[in-house]
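Below is one structure, written out as C-alpha cells, with a few remarks after it.
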Amino acid sequence: EKLGESLQPYRKNVTLACKTDAKNARDLRFDLENSLKKLHTDYFDVYQFHSLSKMEDLEQIFADDGAIHALDKAKQQGVIRFTGFSAHNEEVALKALELYDFDMVLFPVNWALGIGKMIGERLAEVCWERQKGFLGMKALAHRLWLPGEERVYPKSWCKTIYGNDRLALAAIKYALSMGVDAIIPPGNFEQFSFAAKHIDECVLHPLMAEELSYLQQETNAIGDQFIF
C-alpha cells in the first residue's frame, strides 16, 4: 500500500513485478485485482507464480480450474505483459517450462548449490536455449544457520554473506557466469547496496579460475549446511 502511493508519479518509468500464491483461477483473479488496486496500476510488467516447490503445485495450477487459465487470459488482455514463476526445485521449474510458455524464471543461482550439488545448471541451459528471462536469487546466500549461532540478520532463514567482500564478489560473479539476466540481492540495505555498488565491476571482470577455486574451498567448508 505504501509503495502504491509512492509509485504513482513514476509508474511508467519502472518495471513492476508481482507474485501470487494462487493455484486456481478464482484465487489468481482475486490476487491480481487486489494487487493492481493497491499498487495504483492497471497492468504488471511481470506477474509470477510464487515458489513452485512440488509437482502437486503444477497439477493444481494446470487443472481445468487452474490458475494458469486466468494468468493466460490476463496476459492476452494486456493486464500482464510477461509471465513467470519462482521455484526452489529444478525438476519442477523444468516441468513448468514444458507446460507453458513462461517468459521468465526466478531461481536460486547460488555458488554453493551449483558447485556442491550442480543445482541450476540444467535450468540455466534451458533458459538460454529458449531465450527465457533468468533471474538469480540467493546469489549472496552462504549456508544454513548453525545451532546457537548469533543471527546478524534474524529475519533471514539462512546465513547470507556479510563482512567478506572477497566471497561476496566471487558469489555474484558465479551467478553472472551462469547466464542470469539479473541477480536479486538480499533485501537488507547493506547487502543490497554492496551488490548495486559492485555489479558493474563483476560484469566487467568475470569469474576467474582462482575465484572459482576459492568458492570450491568455501563450498567444502560448508559441509552439509547447504541452504537446501
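The values are calculated or read from the model by the stated rules, or taken from the named source; none is laboratory data. What you see is a predicted model, and the numbers here were worked out from it, not measured in a lab. Counting neighbours? That spans all protein chains shown, and the Cβs are built from the backbone with ideal geometry, glycine included. SASA here: full protein model, heavy atoms, side chains in, ligands and nucleic acids out. Shrake-Rupley method; radii C 1.70, N 1.55, O 1.52, S 1.80 Å.
Some notes on this structure:
- Whole-Hz Karplus values for segment 146-158 come out as 7, x, x, 6, 5, 8, 4, 10, x, 7, 8, 6, 10 Hz, taken residue by residue from phi with 6.51 cos²θ - 1.76 cosθ + 1.60 and θ = phi - 60°; glycine and proline positions read x.
- Helical content of the chain, expressed as a calculated mean residue ellipticity at 222 nm, amounts to -14000 deg cm²/dmol (DSSP H runs of 4 or more residues, -39,500 (n - 2.57) each, divided by residue number, nearest 500).
- Electrostatic tally near LEU94: other residues with Cβ closer than 13 Å to its Cβ, Lys and Arg +1, Asp and Glu -1, net -2.
- Lysine-lysine proximity count for segment 76-203, Cα under 15 Å, sequence distance 8 or more or distinct chains: 6
- Protein accessible area in segment 1-131, 1.4 Å probe - carbon and sulfur %: 48 percent
- Acute angle (nearest 10 degrees) that the helix 67-76 long axis makes with the longest principal axis of the chain, alpha-carbon atoms: 80 degrees
- Solvent-accessible heavy-atom area per residue, rounded to whole Å², over segment 1-105 at 1.4 Å: 56 Å²
- Computed from Cα atoms, the angle from the helix 209-222 axis to the main principal axis of the chain rounds to 80 degrees.
- Total charge dipole magnitude, segment 19-68, about the Cα centre, Cβ charges on Lys, Arg, Asp, Glu only, Debye to nearest 20: 200 debye
- Relative contact order, percent, segment 48-181 [alpha-carbon distance under 8 Å, six or more residues apart]: 20 percent
- For semi-axes √(5λ) of the Cα gyration tensor in Å, the value computed from the atomic coordinates appears in the list (1) 32, 21, 17; (2) 92, 25, 13; (3) 35, 21, 18 under label (1).
- Here the label points at ASP181 and GLN216, each 7 Å from Cα along the C-beta direction, are separated by 3.3 nm in the simple model.
- Antiparallel DSSP beta bridges within segment 1-152, percent to nearest 5: 5 percent
- Between THR15 and PHE82, the contour length at 0.36 nm per residue exceeds the alpha carbon distance by 23.0 nm.
- When both segment 11-68 and segment 132-165 are represented by their alpha-carbon centers, they are found 26 Å apart.
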